[in-house]
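Participant: Before anything else, here's the structure in question.
Please treat every number below as a calculation from the coordinates, not as lab data. Keep in mind the model is a prediction, meaning the values are calculated, not measured. Backbone-built Cβ (ideal geometry, glycine too); neighbour counts: all protein chains shown.
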Amino acid sequence: MPLNFHTIKKDFPIFTTHKKLVYLDNAATTQKPSAVINALAHHYRTANANIKRGIYGLSEDATEAYEEARWKVAQFCGTPCARQIIFTKNTTEAINLVAHSFTRAHCKRGDEILLTVMEHHSNIVPWQMIAKERGLKLRFVNITKTGELDMRDLKSKITSRTKLCAVTHVSNVLGTINPIAELVTLLHARGIPVLVDGAQAIGHIPVHVEKLGCDFYVFSGHKMFAPTGIGALYIHQKYLETLPPFQSGGDMVLSVTERGATFQDAPERFEAGTPPIEAAVALGVAADYISKLGVMNIRQHEITLTAYALRKLARIPGITLFGPKKAQQKTGVISFAFNTIHPHDLASLLDEKNIAIRAGHHCAMPLHRSLGVTASARASFSIYNTKKDVDALCAALVTITDALHI
Amino acid sequence: MDIAHFKKIWEHAQLSPYAGVIKRPDMSGTGENPLCGDTLRIDLVVKNGIIRDAKFTHHGCALSATATSLLLESLIGKRVATIQKLNEYDLLKLIGAPVSPARLSCALLPLRVAKAVQQK
């Protein structure tokens, strides 16, 4: 049954506090539903203790809540095995983990990592740093004029030295949904593992890591209604037991002497130090919240809204829309240029009308360079957005044009 | 920033007499706004330590263009050493319109670039 996305707003207290808010910056972070906010407070009120080694009931409760969250996240992204989910701080930390641990175990000087110009800086800079340290080479796949991955270019950039491909599931600027399953098949046929940055996909489109076939899948909690400070990394069984640790310290060791240490198995091996326990618990609740609504229902809502917005925005004189023009090919992320008004100026003017958009390079400078601009304005949708929000944005753009006599 | 304030800034940016390049500047500086990748170049003509002319080339927002224009206008006729004495307050005062914390890096880009100008 389709959900009523007009009443869903009531689940999000921020809209009670800020009644006029038109929040169109969901690709940066989503608002939080009462279920998630309450879960944080509930954990502190009922189960707060450090996890794992406490020999008392409360610590066992906290450990159980934390591990249940891991199980929920595993189910949510399509693996039956909770151990394959590593809790991280966010997508960035998860990518850093793979960049360090994978290259340490599998790469030699001169080996290559395949990236795309569509990547967020979080899937570029960790590779640049590790490449410099280990003498690796990075190759970047270009995009087509319509804002999709250039598959021909991708094939041409694979060499016998390509050791891993790190690619985004959905572009945080263009909204383009990349054909991950197809990519994985192509790369696996050449023996190349694939890391997928799912930060912009999770909660918006169905994500099933086993069907995608990828080796690593990473995402942040805060873009799927959970708190900041919690993210997840899915590791395929193939690498789960063999990758060396990333960060080291407490909780990830079996034993420590003055001469060295031995390490736990996954997931503990990759979770050094006290993790954000309550945030992980709340991430599990956020996953439940999304599952209850149904990802396909969310996707349908975002397609309808994106199609409406693309249609309506395209009619405004002076607008240039970047990326795929069909809602089915993308998520609810729409980046655009507007007349000669700089995106930062535009965002300031829209803020006066309580419309929150993002302006700048959205941590994707190489992509903006390939689009021929330094910055863009970006509106991005979530489940609580309606056609009214799109109307408010469009009306404000027209008002600004009129006021500036453009 | 409300539309009325922005309109003044926008119009100033469109009409600034300081936009452009100086063919053989005595001093020049370039800089970038790390938040959005906007770029700014400032050229100065300096005679006996006094700024005689100033121009800027800019790829960025109206706020940073206008802030640059106002800064350069205030600098002409002053000693180069004056630049180093300027601070955030001085530039915000020159701009006159309210600048929110999120836009500070736009507004203050010219100050950063001006302080970094070097002999050509």
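Participant: Using the basic label-point model (7 angstrom from Cα toward the beta carbon), what is the residue A:291 to residue A:125 distance in nanometres?
Facilitator: That separation, rounded to one decimal, is 3.4 nm.
Participant: Report, to the nearest 10°, how far helix A:91-106 tilts away from the longest principal axis of the Cα atoms in chain A, using its own Cα long axis and a range of 0 to 90°.
Facilitator: 50 degrees
Participant: For Cα pairs less than 8 Å apart in space and 6+ apart in sequence, what is the mean separation divided by the residue count of region B:8-120, i.e. the relative contact order in percent?
Facilitator: 32 percent
Participant: Right, another one. Which lysines does residue A:353 reach when only Cα atoms under 16 Å apart count, and residues fewer than 8 places away in its own chain are ignored?
Facilitator: A:19, A:20, A:388, B:7
Participant: Nearest 10 degrees is fine. How inclined is helix A:125-134 to the longest principal axis of chain A, computing both from alpha carbons?
Facilitator: So the inclination is approximately 40 degrees.
Participant: Next question. Tell me which chymotrypsin sites (Phe, Trp or Tyr not before Pro) from region A:39-148 have a DSSP coil assignment and no more than 14 other beta carbons within 10 Å of their own. Kindly include the intermediate steps, with their values, before the conclusion.
Facilitator: Details: sites: A:44, A:56, A:66, A:71, A:76, A:87, A:102, A:127, A:140; in loops: A:56.
Of the chymotrypsin sites (Phe, Trp or Tyr not before Pro), the ones in loops of region A:39-148 whose Cβ has at most 14 other Cβ atoms within 10 Å are A:56.
Participant: Follow-up. Quick one: angle between helix A:387-403 and the longest Cα principal axis of chain A, in degrees between 0 and 90, rounded to 10, please.
Facilitator: 50 degrees
Participant: Can you give the FRET efficiency for residue A:254 and residue A:370, using 1/(1 + (r/R0)^6), R0 = 45 Å, r = Cβ-Cβ distance, to the nearest 0.05? Walk me through the numbers on the way to the answer.
Facilitator: Working: r = 47 Å, r/R0 = 1.05.
Calculated value: 0.45.
Participant: Report the Rg/Rh value for region A:122-228, based on alpha-carbon coordinates and the Kirkwood definition of Rh.
Facilitator: Ratio value, two decimals: 0.96.
Participant: Sequence gap at least 6, Cα distance under 8 Å: using those rules, report the relative contact order of chain A to the nearest whole percent. Working shown, then result.
Facilitator: On the way: 786 pairs, mean separation 91.6, N = 406.
Over chain A, the number comes to 23 percent.
Participant: Based on the alpha-carbon set only, what is the convex hull volume of region B:3-119 divided per residue, in Å³?
Facilitator: Cα convex hull per residue, to the nearest whole number: 92 Å³.
Participant: Are there trypsin sites (Lys or Arg not before Pro) in region B:1-96 that DSSP puts in a loop and that have at most 10 other Cβ atoms within 10 Å, and which ones? Please report the intermediate quantities before stating the final value.
Facilitator: Numbers: sites: B:7, B:8, B:23, B:41, B:47, B:52, B:55, B:78, B:79, B:85, B:93; in loops: B:23, B:78.
Taking region B:1-96 and a limit of 10 other Cβ atoms within 10 Å, the loop trypsin sites (Lys or Arg not before Pro) found are B:23.
Participant: Same structure again: Using the Kirkwood formula on the Cα atoms of region A:1-105, what hydrodynamic radius do you get, in angstrom to one decimal?
Facilitator: On the way: mean 1/r = 0.0583 Å⁻¹.
Radius from the Kirkwood sum: 17.2 Å.
Participant: Be a star and scan region B:40-72 for residues whose amide nitrogen sits under 15 Å from the point 7 Å along the Cα-to-Cβ vector of residue B:93.
Facilitator: Residues B:71 fall inside that zone.
Participant: Using a Förster radius of 30 Å, what is the FRET efficiency between residue B:47 and residue B:11 based on their Cβ-Cβ separation? Nearest 0.05, please.
Facilitator: Calculated value: 0.40.
Participant: Can you list which of the trypsin sites (Lys or Arg not before Pro) found in region A:197-264 are DSSP loop residues with at most 12 other C-beta atoms within 10 Å?
Facilitator: Passing both the DSSP loop test and the Cβ count: A:259.
Participant: Next question. Whole-Å semi-axes of the protein assembly as shown's equivalent ellipsoid, largest first, each the root of 5 times a Cα gyration tensor eigenvalue?
Facilitator: Values: eigenvalues 368, 164, 116 Å².
In descending order the semi-axes read 43, 29, 24 Å.
Participant: Let me ask something else. I'd like the Karplus ³J(HN,Hα) series for region B:14-31: coefficients 6.51, -1.76, 1.60, θ = phi - 60°, whole numbers in Hz, and an x wherever there's a Gly or Pro.
Facilitator: Working through the residues one at a time gives 5, 10, 4, x, 9, 6, x, 10, 9, 4, 10, x, 7, 9, 9, x, 10, x Hz.
Participant: Where a Cα-Cα gap under 18 Å defines reach, which lysines qualify for residue A:137, not counting those fewer than 8 residues away within the same chain?
Facilitator: Leaving aside lysines fewer than 8 places away in the same chain, those within reach of residue A:137 are A:108, A:155, A:157, A:163.
Participant: Hey, another quick one. According to a simple spin-label model (label point 7 Å from Cα along Cα-to-Cβ), what is the distance in nm between residue B:3 and residue B:30?
Facilitator: If labels sit at residue B:30 and residue B:3, their model points lie 3.8 nm apart.
Participant: Give me B:100, A:248 ranked fewest to most by other Cβ atoms within 10 Å of their Cβ, as a rough exposure proxy.
Facilitator: B:100, A:248
Participant: For region A:37-291, build the convex hull from the C-alpha positions and give me its volume per residue in Å³.
Facilitator: Here the figure is 119 Å³ per residue.
Participant: Then there's this: Return the FRET efficiency for the residue pair residue A:241, residue A:71: r is the Cβ-Cβ distance, R0 is 22 Å, and the value is rounded to the nearest 0.05.
Facilitator: About 0.70, to the nearest 0.05.
Participant: Starting from the Cα of residue B:57, step 7 Å along the direction of its Cβ; do the same at residue A:137; then give the gap between the two resulting points in nm.
Facilitator: 3.4 nm
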